[in-house]
Amino acid sequence: MSNHRGNIAIVGTAESDLGVVAPDMTPFDLMAQGTMRALDNCGLKLSDVDGYFAATSQSRMVAMAMCEYLGIQPKYFDSTQIGGSSFMAHVAHAQAAIAAGVCEVVVIAYGSTQRSVSRAAASAREPNAYEDPYKPMMPPSAYALAASRHMHEYGTTREQLAEIAVAARNWAKLNPVAYRQDDLTVDDVLNAPMISYPFTVRDCCLVTDGGGAIVITTPERAKDLKTKPAYVLGTGEHISHNMISAMPDMTVSGAAHSGPIAYKEAGVTVKDIDVFELYDAFTINTLLFLEDLGVCAKGEGGAFVENNRIGPGGEVPVNTNGGGLSYCHPGMYGLFLLIEATRQIQGVCGDRQVDDVNLAIAHGNGGVLSSQCTVILGSEDTL
Amino acid sequence: MSERAETSPLAVFREYCDKGDLAYQVTEDGEAVFYPRLVAPKTGGALEWKVSKGLGTVYATTTLHPRNGEPYDVSMIDLDEGFRMMSRVENIDPADVKIGMRVKVRMIPGTDDQPVYPVFDPVEG
């Protein structure tokens, strides 16, 4: 265990408007909305904020944009951009900053209008001379290639991948703000329009607008607030590659590195975790992260997810908000995993609340399986 | 590294492609490197250009289904010299491209829009 264990807590969470937001809203509008809602959630004020972290695909210098928008001059700011796991990295970096005494109340924010402005407009493409000539559809084709290799080595089937999408949908039906609530079967997934084999459109995340924020502070400050703190017990960060053709082994993600670092720091094992929030940009993600975080053995993810094991009422609750597959996915989904893991520990999740949650994992993924960051949160009982 | 680089790694790669050669690099320890770089990964050491025999094996594969247009292949190819690259397997139905299939490189000549680049065709054995 490190001396960082439990030295900060997530105390405030909020989503901004989700789904399709009002015309001409900007990512900054959504971040501001999320920031104020998250501060209100825990009972802090904008003037308390002395650390501001933010990421979005639609602004290169987002911390500057948000400090201007909100009229704040925080002592510490950070726009680390490693894709959808940026917000888990922000938690780890905020922990270091707070431990160093640089700041005490940190907001981590995200906003995206990618559904309104189109995916192409929301994410600037970087030229890549060694991949562009082949016209992969990014990111789905990158994850489809990983899925093909997993199917080849371990006999994983499209039906098993489809079960992951169905479990996510069944959780989404319990979440009033989830984007898709209609029935979904394995056959529906298999028979949906093919995008990049083996993925149909239902193996792929939603394309929505949305954003939000979380508020982090010290255990001392957390005592006086309105919410139950979710303590940060451990974090792990790993970057294995940038372009998919440089991924070392396409069946093993960097979660196999970030997970053990986080478990060690938290002083817990996978068996202790009550709920798993895993970045499901595509169905294969959930399967890879279940394996790489040690929930099941490498190669056994396909069989593991059968028979609703990860759905509502199943043995291992995974992606209890409905996930990127059915709840919302504005392009960089990681913040929503931290929001849901915190709320599960707080016990405020209504119909989808899992019983007796003391330990939760929020695992973020960025790029094309490129960056993997794991955050383990715990209730006061775990300190 | 103190001298100015007169040509970029990409320009050298494409010069080889224009001659029909698939070029890659090796480190001082003999490890194959792709994509081409100025600096060896991990060690920061020097890199030497080599020409591949152009034979490889499909490591991973997907068939893309564009809304407008015909399905096409995108695959990862493991070259026999020990490096991996993205490419496309041609002269076969994309749905029939299989992991483990042996393939050989062929160059698509450059146009105004797209410089020369390598693709692969299935080969026996």
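The values are calculated or read from the model by the stated rules, or taken from the named source; none is laboratory data. None of the values given here were measured: they were computed from a predicted structure. When we count neighbours, we look across all protein chains shown, and the Cβ atoms used for this are built from the backbone with ideal geometry, even at glycine.
Residue by residue, here is whether (1) of a type in the set (Val, Ile, Thr); (2) farther than 26 Å from A:Ala262 by Cβ holds:
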position	(1), (2)
A:Cys67	no, yes
A:Ile72	yes, yes
A:Lys75	no, yes
A:Cys103	no, no
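Exactly one residue among A:Ala54, A:Ala94 is among the aliphatic types (A, V, I, L, M), closer than 19 Å to A:Thr13 by Cβ, within 18 Å of the chain's Cα centre (by Cα) and outside any helix (DSSP H, G or I), and that residue is A:Ala54. Tallying residues that are within 14 Å of chain B (Cβ to nearest Cβ) and either in contact with a Gly (Cβ under 9 Å, 6 or more places away or on another chain) or not in a helix (DSSP H, G or I) (or both) within region A:119-144 yields 13. When A:Ala362 is tested against (1) touching a Cys at 6+ places or on another chain (Cβ under 6 Å); (2) assigned to a strand (DSSP E or B); (3) farther than 25 Å from A:Arg149 by Cβ, only condition (1) is not met. The set of residues in region A:1-20 that are surrounded by 24 or more Cβ atoms within 10 Å (Cβ to Cβ) and of a type outside the set (Gly, Ala, Ser) comprises A:Ile8, A:Ile10, A:Val11, A:Thr13. All of B:Pro115, B:Pro66 fail the test of being in contact with a Lys or Arg (Cβ under 7 Å, 6 or more places away or on another chain), within 13 Å of chain A (Cβ to nearest Cβ) and either of a type in the set (Asp, Glu) or not in a strand (DSSP E or B) (or both), apart from B:Pro115. Taken as a whole, region A:112-134 holds no residue that is within 15 Å of A:Ile214 (Cα to Cα), at pLDDT 95 or above and touching a Leu at 6+ places or on another chain (Cβ under 7 Å).
With the structure loaded, tell me whether A:Thr200 is surrounded by 23 or more Cβ atoms within 10 Å (Cβ to Cβ) and modelled with pLDDT of 95 or more or whether it fails that test. Judged against the criteria, A:Thr200 is not a match. Scan region A:266-295 for residues that are over 13 Å from the mean Cα position of the chain (by Cα) and outside any loop (DSSP other than H, G, I, E, B) and the total you get is 12. Among the residues of region B:79-109, those that are facing another protein chain (nearest Cβ under 10 Å), outside any strand (DSSP E or B) and not hydrophobic (A, V, I, L, M, F, W, C) comprise B:Arg88, B:Pro94, B:Lys98, B:Gly100. Of all the listed residues (A:Ala129, A:Ala124, A:Ala100), the sole one being of a type in the set (A, V, I, L, M) and either in contact (Cβ under 8 Å) with a residue 24 or more places away in the chain or assigned by TED's automatic domain parsing to the domain that holds A:Gly367 (or both) is A:Ala124.
Of everything in region A:189-220, what is farther than 30 Å from A:Leu383 by Cβ and free of Cβ contacts under 8 Å to residues at least 24 places away in the same chain? Give them in sequence order. Write out each step before concluding.
First pass over region A:189-220, keeping only residues farther than 30 Å from A:Leu383 by Cβ: A:189-211.
Result: A:Asn191, A:Ala192, A:Pro193, A:Met194, A:Thr200, A:Val201.
All conditions in (1) within 25 Å of A:Cys204 (Cβ to Cβ); (2) assigned to a loop (DSSP other than H, G, I, E, B); (3) more than 7 Å from chain A (Cβ to nearest Cβ) hold for B:Val58, with the sole exception of (2).
Among the conditions (1) within 16 Å of A:Thr156 (Cβ to Cβ); (2) away from chain B (no Cβ under 14 Å); (3) not in a loop (DSSP other than H, G, I, E, B), the only one that A:Arg343 does not satisfy is (1).
Of the listed requirements (1) under 18 Å from the mean Cα position of the chain (by Cα); (2) part of a helix (DSSP H, G or I), A:Ile108 misses just one: (2). Residues that are modelled with pLDDT of 95 or more, more than 12 Å from the chain's Cα centre (by Cα) and among the charged types (D, E, K, R) occur in region B:60-78; there is at least one. Of the candidates A:Gly314, A:Gly331, A:Gly324, the single residue that is small (Gly, Ala, Ser), assigned to a loop (DSSP other than H, G, I, E, B) and closer than 17 Å to A:Phe282 by Cα is A:Gly331.
Taking the conditions exactly as written (in a loop (DSSP other than H, G, I, E, B), surrounded by 21 or more Cβ atoms within 10 Å (Cβ to Cβ), of a type outside the set (Phe, Trp, Tyr) and not assigned by TED's automatic domain parsing to the domain that holds A:Lys228), does A:Leu338 satisfy them or not? Here the answer is no, as A:Leu338 does not meet what is asked. Note on region B:7-42: residues that are among the β-branched types (Val, Ile, Thr) and either under 17 Å from A:Pro248 (Cα atoms) or in a strand (DSSP E or B) (or both) amount to 3.
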